[in-house]
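The structure appears below as structure tokens.
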Amino acid sequence: MLKLKPALLRKISTLLIFFFILVNGCSGTKPLSIGQFAKCPDKPNCISSKSSNSLRMFPPLKYQGTQLKAKNNLLRALESMPRARVSMNTDEFLHIEFTSKIFRFIDDVEFYFDEPGVIHFRSASRIGHSDMGVNRDRMEEIERLFIQASQSKNQLPPAKSVVIND
């Protein structure tokens, strides 16, 4: 068994504590542009249904029926996703914060219900340059879950998301 000297053990412990404090402080501040459908920055950590850049474009979610039913289906889809928190929920807007598992980075996903039959969105990381495709992968999963919830023949209960207005 490996034995560490007490002085080395203290240094390692101090470095680990410093590392975790640093990482927990890396969640970034909430952007002031939330709710304004800002353009994606010139970094590969954002995708949007209204982007003119093909690398940052992802098609909007489409639905039939009422906006209320579509929003409820979207909320049910989001409830099944880990580390998702409803931050703001209004008639025509939904803001979700997703927290990464290890480093606790926060990504902001905004949904806009301002056009009949269409849900536009913007998904962006708060910090960093690249997201390694996380926002695109997440939107593919949200799209899959939304379609699944929309096609469900069962009378599912309304979404039970807790709304926290910041």
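The values are calculated or read from the model by the stated rules, or taken from the named source; none is laboratory data. Being a predicted model, the structure only gives us computed values, none of them experimental. Here the Cβ positions follow ideal geometry from the backbone for every residue, glycine too, while neighbour counts run over all protein chains shown.
Summary table below
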{"read-out": "Given (1) buried (at least 18 other Cβ atoms within 10 Å of the Cβ); (2) basic (Lys, Arg); (3) out of contact with any Ser or Thr (no Cβ under 7 Å at 6 or more places or on another chain), index of the condition ARG85 fails", "value": "(1)"}
{"read-out": "Residues being surrounded by fewer than 20 Cβ atoms within 10 Å (Cβ to Cβ) and in contact with a Ser or Thr (Cβ under 8 Å, 6 or more places away or on another chain) - total across segment 38-57", "value": "4"}
{"read-out": "Filter result (surrounded by 15 or more Cβ atoms within 10 Å (Cβ to Cβ) and among the polar types (S, T, N, Q)) within segment 58-68", "value": "GLN67"}
{"read-out": "Residue match in segment 65-85 (condition: more than 15 Å from PHE146 (Cβ to Cβ) and not in a loop (DSSP other than H, G, I, E, B))", "value": "yes"}
{"read-out": "Residue selected from segment 113-162 under the condition surrounded by fewer than 12 Cβ atoms within 10 Å (Cβ to Cβ) and of a type in the set (A, V, I, L, M), by the criterion modelled with the highest pLDDT", "value": "MET132"}
{"read-out": "Search result, residues across segment 87-126 that are in a strand (DSSP E or B), of a type in the set (Val, Ile, Thr) and farther than 15 Å from LEU74 by Cα", "value": "THR99, ILE106"}
{"read-out": "LYS71 vs. criteria out of contact with any Lys or Arg (no Cβ under 9 Å at 6 or more places or on another chain), of a type in the set (D, E, K, R) and surrounded by 14 or more Cβ atoms within 10 Å (Cβ to Cβ)", "value": "yes"}
{"read-out": "From ARG85, ARG76, residue being touching a residue at least 12 places away in the same chain (Cβ under 8 Å) and farther than 17 Å from SER125 by Cβ", "value": "ARG76"}
{"read-out": "Residue match in segment 37-56 (condition: of a type in the set (Gly, Ala, Ser), part of a loop (DSSP other than H, G, I, E, B) and under 15 Å from ARG126 (Cα atoms))", "value": "yes"}
{"read-out": "Those residues of segment 31-50 which are modelled with pLDDT of 95 or more and on the phi > 0 side of the Ramachandran plot, in sequence order", "value": "none"}
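Conditions tested, residue by residue: (1) at pLDDT below 95; (2) within 18 Å of MET139 (Cβ to Cβ); (3) in contact with a Pro (Cβ under 9 Å, 6 or more places away or on another chain).
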residue: ASN53; (1), (2), (3): yes, yes, no
residue: PHE58; (1), (2), (3): no, yes, no
residue: GLN67; (1), (2), (3): no, no, yes
residue: LYS71; (1), (2), (3): no, yes, no
residue: MET81; (1), (2), (3): no, yes, no
residue: PHE93; (1), (2), (3): no, yes, no
residue: GLU97; (1), (2), (3): no, yes, no
residue: SER100; (1), (2), (3): yes, yes, no
